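Inspection log for the structure reproduced underneath, given as C-alpha cells.
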Amino acid sequence: PSIAAATSTGESDLSGSAIESTRDVDPRGLTTWRTTRHRSPSGILYPYPRKPLPWSGNEFQIRALVDFGYVVNSGEADEASFRKYADRSDGLLVRRFLLEGQKRDSANYFEIGGGSVGRSDQFFHGELGRYGLFSIRGSFDSLEHLSMDDARVLFAGVGSELLTLPAPLVPGLNSAIDVNAALATTGQTRLSQKRKQTEFELRLGIHPRLTFIADYRLRKRSGERPFGGTLGITFSSNIVGSVAETIAPEESNTHEFSAALQYADKKLQANLRYHSSIYDNQNTSLTWENPFLARALGGPLDVQGVQRGRAALAPDNQLHQITMDLGLELPLRSRFTTHVAWTRMRQNQRLLPATINPVLTDFDVLSRNKADAQVDQLLVQSKIRLRPFSAVSLQFGFRYSMRDNDTNYRSGNPTSGQFGYVTVDGYPTVDAYRREDEEKRFTNRRGAVPFSMRRYRLNGSIDWRFAKRSRMGMSFQHDTSQRENRARREVRDERVRVHASTALIPYTQLRLPYSYLRRSGSNYSASRDARYYDAPGPGLRQRTGGPTRSLRNFRQFDLGSQELHDVALRANWLIGPRVDLSLAVRYEIRDFRASYGVTDSRVAEISLDTSIQISPRLTGYGFASFDWRDRRMASINGATNLGRDSTDFRAGSARFPLSNRWTWDSDSRGITLGAGLTAQPHEGLELRADYRFQRSHEVVDTDFDRTGGALTLLSVAADAPSRFPTLRQVDHVVDASVAYHWTDAITTRVFYRFQYSTINDFQQQGLQPVVNHNLYLGHVDDDFAVHVIGATVRLRY
Amino acid sequence: TDSPQTLGATKPIESHSDSQPFKIDSANPNEPEREFLGYAVCIGCHAIEAEHWNDTVHAKIFLKNPRTLAERRGCEACHGPGSEHLKATSDRSRIISFTRESDLEVEQMNAVCLECHLGGARIQWSGSAHETEAVACSDCHNPMSQISEQGLLREPTVRETCFSCHPRQRAEFRKRSHMPLFEGKLDCDDCHQPHGSATEPLLRADSTFELCTSCHSDKRGPFIWEHAPVTEGCTSCHLPHGSNQDSLLITSPPFLCQQCHAQLGVRNHPIALQTPENLASGRVAGNRDPRIIGRGCVTCHVQIHGSNHPSGARFHR
C-alpha cells in the first residue's frame, strides 16, 4: 500500500488483523469515569482501546516487538484461488516486527517495522522525523499475483518475447492431434506476476501554515501472465484458423514522483501539486509460433500456413499532471472552492511492422514509424457555498472537463496508396490491406479513432438543518457530454437527489438518500466512426463503400437514454448500551429505454451488522449481506451473406431479421454471513473464533426463436436448454486462535484456519487444453479444502 | 500518570492567563466566558484517558513540539477551555465533546477538527459526500487512543472503519475476484480520499481511468488504437471491489462484450451469439465455441484496453 495513502500494514488476514498482533485490549477501557460505552456521533460503538506499548529507557526511549513462529498447511494449499495474493506456504513466519525509538526530551523519533519476512508478500516500513515538523518515510511492499498453478504450457520460452514450439511440432503445420501429443509430455506450470513497490516520502512543515510533501515510488512488475493470440477465426470451423492462449512476459518499472505545497490558514487554503508517472516496459512484443495450421481461406489444407504471429505489448508511456486546489472563506459564512487539473499523457513507442507474416511484403511501409500518441486533459471545478442562515446552506457549482486526443494514426501505406491493416497475421487474403480499386465490401479501418470529449456540469443544492443532528436537502445536477467519434455526439444527464438524516428517533440514526437520473441526448448514429473507415488519410485516396454494419436499433448502455431510480436507507440502532445494530438497504432500477442492447438492470442490496461489547473480556460481532443484480439485453443475429451490400440495418431488415432475435438475462446473487467472538475467560488467556460463509451465484438465461431463425447457420436441437450452468462459488472459512500472555513481554499464540471453497464456472468446467484449433492453458479454478495451523511467539521489549 | 514535563515537554502548556476569552457558541449571548486550565489540571481527573492519549501523534506534537497556540493547549486544544467543565463535570454542555452524547451539532464538532486540519484534501470537504451526509470526523477517528497504527482511526484498520457504514463493500471484497484488501496489500484509502475530492465517490484521482491506471499504468496508453469505454472509465466493464467473474468483470464474456457490440463481421462475427456451440449445452464436448469458454472474446482480442500495433485496430495485437 501507498504510505502516502493507506494505513494498512501489509499483513494478510491469515491470522487476525495486524494491529492485534502488536497490542492487547486494555481492560480498563478508555475512561476513568464512565461505565457506559462510548459511541460515535452516528451511534457506532467505539471498540475497546489497545494498551499502549510501554517505553524502555530514560532519555532515549525504545520499544520493540517481534512476533514469529511456524505455519503448516494441509490439503489443496497450492490452489491459486487460495494463494492468489498472499503467501500461505509452510515454513517460518515472521508476522510482525517493530522497533520504535524517541528522544524523551525532544520530538525526534524513528520507527522500523515489517512483516511476512522472506515471503512473497513481505513488507517493510520505516520512518524518521520530528513530530510536528518533518517526517521521512520509506516502505517496501511485495505481492505475488498467482494467476494459475495448473497451466499446461506447450511453448518454450515462457517469460521471454518469443514462444517457440517444441519438436517435433512444426510452426503452422500441425493438427490438433499433434498438439495434444506434445502437450501430453508437459507438466503443470505456475504463472504469476510479482509486484514490488518501493516508496519514499518527505513531509516538511516549512511553517505552521505551509507544508511541503514530496513522494517517489517505484513499482516493479515481473513474471508472466496469461495472454492470447489469434491467427484467424476458429469458431464455426475446426479446420481454419489458430487461436492460442499464450503467455506474455511481464517486466516493467513505473516511476512516480510528486511534489506538493499545501498552504492553510483560516481564510485561505491552497494546494499546488506536480505529479508524474513514467511507465517503462522491458518487453515490446510477444511472438508465438503457430501451433496449428492456419491458412488462407480457400487455400489447400496441407500447405504450411502462417508460421507465427506477433502482438505489441504495452508501450512505454508518461503522464504529467499539475493540480491546484483553492479554498477561500468568504463573508457571511460562505466558502468558495475550486479544483483545477491539467494532465498530459504521451507515448511515442516505435511501431512494429504491420505484420510478421513474410508473405505480405507489400506492407513494409507504415504511415509513420512511431506512435506519436498524446492526450491532454483539463478539469476545472468550482463551487460556492452560501449560508444565509446558520441552519440553511446553498451550494452552486460547475465542472468542466476536457479530453483532447491528438493521436491521429492512419493505417496504410502512403507509397502505394493502400489502406486498412492486416487483420490477423494468418489471413493474408481476407480483410488485409486493400488498394482503392479492389473489392469494396470489406470495411477496413483507415485510421485510429481519437476519442475526445467535453463535459459540462452545473449543479445546485439546498441543505436545511431542521432539528438537532437532523438535516434534509435536495440537489440538482445537469451534465452535458459531447463526444467525438462515438455513437451519440451529445448526452445530457439530469439528476435530482434528495436526502435526509436524523437522530430525532430515540436510539436511532437514519440516513435516507434517493436519486433520480434521466439521460437523453442527440440522435444515435450506428456509423459514428465511418470516417475512419472511409475518409482518406495522408497519401491515401478516398474510398467508397458501405457504412459500418451495426444493428441500427442497438444502443450502447453508457450512451443510450435511460432512467434511473436509486433509493437507499442506512439505519443505526442503539439497541442496548453495549450493542449496535445497523441496517443498510439499497435498491436501484435502471430502464435503458432500448429495444436492443442492455434493456434494463436492477440491483438490490441488504446488509445487517451487529457489534456486541459485553466487556473488554468479551466482545462479538456479526454481519449478513445479500446482493442481487439482474441485467437484461437483446440483440439480433445478422443474416449471413444476405444482402451484404444492403444499407438497411434496422431490426427486421433482411440483414437483421426478427426471427434471429435473442435475449440474455444475467441474474447474480450473493450472500455473505459472518460472526466472531473474542473472549478472555481467565487472566492472560485470549480466545478468538470467527466464521464466514460466502455464496455467490449467477444464472445466465438466453432465449431465442427455436424454430430456426437465429440458428440457421448450423443445426441445433430445438429443445436445447436456454440456461447455462450456474456460475457458483461457495466459501466457508473458520479462524480460531488461542493466545496466552505469560507476561507483558511474552505471548504465545496458536491459530488455525480452515477454508473450504467450491466453484463451478461454465467457462472453465471441462475445459481441455486443445479444442479444435484452439489451444488453452487449461486453467480451471478447482474446489479446495485447506487446514492452516500455526504457532507464534510474541516478544516485547 | 506522566506530567507534561516527564513526557518530555519542552515548551510550557498554555496557561489560562495567556489565552483569550473563549466561547463554544459565539452566537449565544448567554454563553459564559471560559478559561483554559492547562493539561496538568485535566490529567488530574482523566488519568486513563491521558495514558492512552499520550501515545497518540496528537499528544506527541502538542506536548513535545507545539508550534501553535492551539497545540500548546493540550487537551483543551480540542475540548475547549475546561473552567466551566470543572464546575459541573457531568454537564456535557460545559465542554466540547465528540461522541453521540455531545450537545454539539456535527458541523460544530467538525469545525473544531478543521481549526487545525484545514488544508490538503479537506479543502474539498465542504459539499463532499461525507459532509453532506453529516458524517462527523469522530465517526471515523478516535483521537483519544492509538487504535489504528496510523491515522487515529476508530477501528484498527481503514477497511474496518469504512465497513461500519459501507457493509456491502465487505461482501464484495470477499467475492471470487477481488482487490487484495483482506490480503493487506491495499486499503480503501488507496483509492478513496474520505476527506474530500473532486469526484462524487471521493476518488483520489479525477476519474476512474486516472485512478486505476495510476497502478495499472500499462493500460494508460495513449494507444494508437483506443477502446472508447476504457478512456471514459474502467467501471463500464469492471466492478472495482469484487466480482463473481474473473478479472472483476461485471458479467461473463461474451455477454459482457455483446452489451455494446452488434456489428456484423466475417461469419457474422461478433454479433452471432446464438450458435449451437454457444448454447447452454450445445456441443460442449466436441466443438465448444471459443467465445463462450475460457476467457471468451479476449482470448483473441488480447489488447482490449488498447493496442499499439499498426494492425491492432481490433485489439488482436
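Tabulated data for the structure shown
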{"quantity": "Listed residues B:S102, B:M144, B:T213: farthest to the positive end of the dipole of segment B:76-219 (Cβ charges)", "calculated": "B:T213"}
{"quantity": "Extension gain, A:I206 back to A:T415 (0.36 nm per residue minus Cα-Cα distance, nm)", "calculated": "69.1 nm"}
{"quantity": "Which of A:G57, A:G75, A:Y46, positive extreme of dipole for segment A:35-81 (C-beta unit charges)", "calculated": "A:Y46"}
{"quantity": "Lys/Arg +1, Asp/Glu -1 at C-beta; chain A dipole; positive extreme among A:G91, A:S222, A:M148", "calculated": "A:S222"}
{"quantity": "Positive minus negative residues near A:L191 (Lys, Arg vs Asp, Glu; Cβ under 15 Å)", "calculated": "-2"}
{"quantity": "Student exercise, segment B:159-204 dipole from Lys, Arg, Asp, Glu Cβ charges, in Debye to nearest 20", "calculated": "260"}
{"quantity": "Chain A, dipole about Cα centre (Lys/Arg Cβ +1, Asp/Glu Cβ -1), debye to the nearest 20", "calculated": "3580"}
{"quantity": "For A:Y740, solvent-accessible area (1.4 Å; no DNA, RNA or ligand), Å²", "calculated": "80"}
{"quantity": "For segment A:22-163: relative contact order, % (alpha-carbon pairs under 8 angstrom, 6 or more apart)", "calculated": "17"}
{"quantity": "Ellipticity estimate at 222 nm from DSSP helix runs (n ≥ 4, -39,500 (n - 2.57)) divided over chain A, nearest 500", "calculated": "-500 deg cm²/dmol"}
{"quantity": "Spin-label model distance (nm) - A:I589 vs A:R225, 7 Å beyond Cα toward Cβ", "calculated": "4.0"}
{"quantity": "Where segment B:145-234 is the region considered: accessible area per residue in Å², 1.4 Å probe", "calculated": "27"}
{"quantity": "Buried solvent-accessible surface, both chains (A, B), 1.4 Å probe, Å² to nearest 100", "calculated": "16900"}
{"quantity": "Rounded to whole Hz, the Karplus (6.51, -1.76, 1.60) HN-Hα couplings of segment A:626-638, x for glycine and proline", "calculated": "10, 9, 9, 10, 10, 9, 10, 8, 9, 7, 10, 5, x"}
{"quantity": "Net length gained if the chain between A:D90 and A:Q61 were fully extended (0.36 nm per residue, minus Cα distance)", "calculated": "6.8 nm"}
{"quantity": "Segment B:135-271 - percent of accessible surface contributed by carbon and sulfur, probe 1.4 Å", "calculated": "63"}
{"quantity": "³J(HN,Hα) computed for each position of segment B:177-184 - Karplus, 6.51 cos²θ - 1.76 cosθ + 1.60, integer Hz, glycine/proline x", "calculated": "10, 7, 6, x, 6, 6, 7, x"}
{"quantity": "Area projected by the alpha carbon convex hull of chain A, averaged over all directions, nm²", "calculated": "39.6"}
{"quantity": "Segment A:333-400: Rg to Rh, with Rh as the Kirkwood radius over Cα pairs", "calculated": "1.51"}
{"quantity": "Overall Cα dimensions of segment B:131-263, principal axis frame, Å, largest first", "calculated": "61, 29, 28"}
{"quantity": "B:C237 accessible area, 1.4 Å probe, all protein chains in place, Å² to nearest 10", "calculated": "40"}
{"quantity": "Net dipole in debye of segment A:729-797 [+1 Lys, Arg Cβ; -1 Asp, Glu Cβ; about Cα centre; nearest 20]", "calculated": "460"}
{"quantity": "Rel. contact order, % - alpha carbon contacts under 8 angstrom, at least six apart, chain A", "calculated": "9"}
{"quantity": "Neighbourhood net charge (14 Å Cβ-Cβ; Lys/Arg +1, Asp/Glu -1) for A:R273", "calculated": "-4"}
{"quantity": "Placed amide H near B:G38: partners under 5 Å, 5+ positions off or other chain", "calculated": "B:G82"}
{"quantity": "Normalised per residue, the volume of the convex hull around the Cα set of segment A:77-214 (Å³)", "calculated": "161"}
{"quantity": "Scaled radius of gyration (Cα, divided by 2.2 N^0.38 Å) that segment A:137-193 gives", "calculated": "1.58"}
{"quantity": "Proximal lysines relative to A:K194, as straight alpha-carbon distance under 23 Å, when same-chain residues fewer than 8 apart are discounted", "calculated": "A:K84, A:K220, B:K175, B:K185, B:K219"}
{"quantity": "Rounded accessible area of A:L128 (nearest 10 Å², 1.4 Å probe)", "calculated": "90"}
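The values are calculated or read from the model by the stated rules, or taken from the named source; none is laboratory data. Owing to the predicted nature of the structure, the values given are computational and were not obtained by experimental measurement. Positions of Cβ are generated from backbone atoms using ideal geometry, with glycine treated the same way; all protein chains shown enter the neighbour counts. Remember, those area values only see protein heavy atoms, side chains included, never the ligands or the DNA or RNA. Shrake-Rupley method; radii C 1.70, N 1.55, O 1.52, S 1.80 Å.
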